[in-house]
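Trainee: One structure, as structure tokens, below. Some questions next.
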DNA sequence: GTCTATAAGTCGATAGAC
DNA sequence: GTCTATCGACTTATAGAC
């Protein structure tokens, strides 16, 4: 683990607070207190509170798109891609638990250019995921489901995995991936 | 549809705004503006901004617990209870889309007594759901999954259904229920 | 039941000393 | 790079006229 810059420390600290109370309800003074300094001192490292949220969400968004790109170009079947995608969510959840937690709710506080970039990343990700789902159906690997609904349903579970993981950190990354593949792709009903 | 009291109008209005910007980022002035009145006038109908959130979340929480109670005491198999539970989420999502949207993220802004009541309702609901899952396993209707993880995974999808539904309102309630049962219980993989 | 005026506090951010 | 002091805007909520 490389030494964190002061700015990275602040961002990690802020991510933890944003997760707990939300971006809007977390003050710059709260972040400073958690860092053990006075609020104005933060501004030697950041330019605004908004910048912290922007960078946290864009970095995690880029990580998802990069992961998706590797999966997209891998020489494997579509259903294997879908399984690897579950693994991507599990890995990023374990590595960036606090930042991941901001995705479902705090993106609404993005503004201007950062907001545009974020939505672009999200669209890109969802577009590729939709392609994988359609290919799975074409290859008769998954049933003829309503693609958007099934995709949204799967993403919802994966986006909230951080919540379960925070209370169950002892689980092995690979075991968690396997269990989620069973839950989300195979289903739970005995057949 | 019965005529709404002024307070109910305000709560519906606030729910829509809380959903869009979050509770903390929505000001009393925002709510007043949406209602076509000045901010202080709201206080003839409500006692505080906090009260609005408290009531919105407690009412929807009570609706879930009541629905769960009917399912719990119904003379049906455990797996049928699980399926009816999906239906309960679908129904409440369609009837109270905005209020439902507050559950995943805005509960963190509850305080004091309302916070306690809300957590009590949530625990009650999750406890009953856990029982249903365990009974399903015992009856060999679902596989021997990690109960908490499978339960959380299912709930995450159901809690975020409002988001998909908002963009796809034309779907039939029963069709949506059937599709979600397939996604969440049967799985999507061809077998 | 709605308004204007305003209290009392918090917000993000800056100026400038050290 | 950290601090104290502070600005100006915004916050929830109340007082009191109509």
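Trainee: Run down A:125, A:162 and say which single residue is more than 13 Å from chain B (Cβ to nearest Cβ), touching a residue at least 40 places away in the same chain (Cβ under 8 Å) and assigned to a helix (DSSP H, G or I).
Mentor: A:125
Trainee: Name, by its number, the condition in (1) surrounded by 15 or more Cβ atoms within 10 Å (Cβ to Cβ); (2) under 29 Å from residue A:19 (Cβ atoms) that does not hold for residue B:94.
Mentor: (2)
Trainee: Another one. Evaluate the following for residue B:3: is it away from DNA strand D (no atom under 11 Å from the Cβ) and outside any helix (DSSP H, G or I)?
Mentor: Yes.
Trainee: What helices (runs of 4 or more DSSP H), lying completely within the range B:26-101, carry at least 1 residues that are free of Cβ contacts under 8 Å to residues at least 24 places away in the same chain, touching a helix residue (DSSP H, G or I) at 6+ places or on another chain (Cβ under 9 Å) and more than 16 Å from DNA strand C (Cβ to nearest atom)?
Mentor: Where helices (runs of 4 or more DSSP H) fall fully within the range B:26-101 and carry at least 1 residues being free of Cβ contacts under 8 Å to residues at least 24 places away in the same chain, touching a helix residue (DSSP H, G or I) at 6+ places or on another chain (Cβ under 9 Å) and more than 16 Å from DNA strand C (Cβ to nearest atom), they are B:49-73, B:78-95.
Trainee: Still on this model: Condition check: buried (at least 18 other Cβ atoms within 10 Å of the Cβ), within 16 Å of DNA strand D (Cβ to nearest atom) and away from every other protein chain (no Cβ under 14 Å). Does residue B:11 satisfy that?
Mentor: Yes; evaluated as a whole, the condition is true for this residue.
Trainee: Which one of the conditions (1) more than 10 Å from DNA strand C (Cβ to nearest atom); (2) more than 14 Å from every other protein chain (Cβ to nearest Cβ); (3) at positive phi does residue B:3 fail to meet, given that it meets all the rest?
Mentor: So the condition that residue B:3 fails would be (3).
Trainee: Considering B:153, B:166, B:173, which residue is crowded, with 20+ Cβ neighbours inside 10 Å and on the phi < 0 side of the Ramachandran plot?
Mentor: Being crowded, with 20+ Cβ neighbours inside 10 Å and on the phi < 0 side of the Ramachandran plot holds for just one of B:153, B:166, B:173, which is B:153.
Laboratory data are not the source of any read-out in this text; all were calculated from the coordinates shown. Please read these numbers as outputs of a predicted model, since none were measured by experiment. Glycine also receives a Cβ, built like all others from the backbone with ideal geometry; neighbour counts cover every protein chain displayed.
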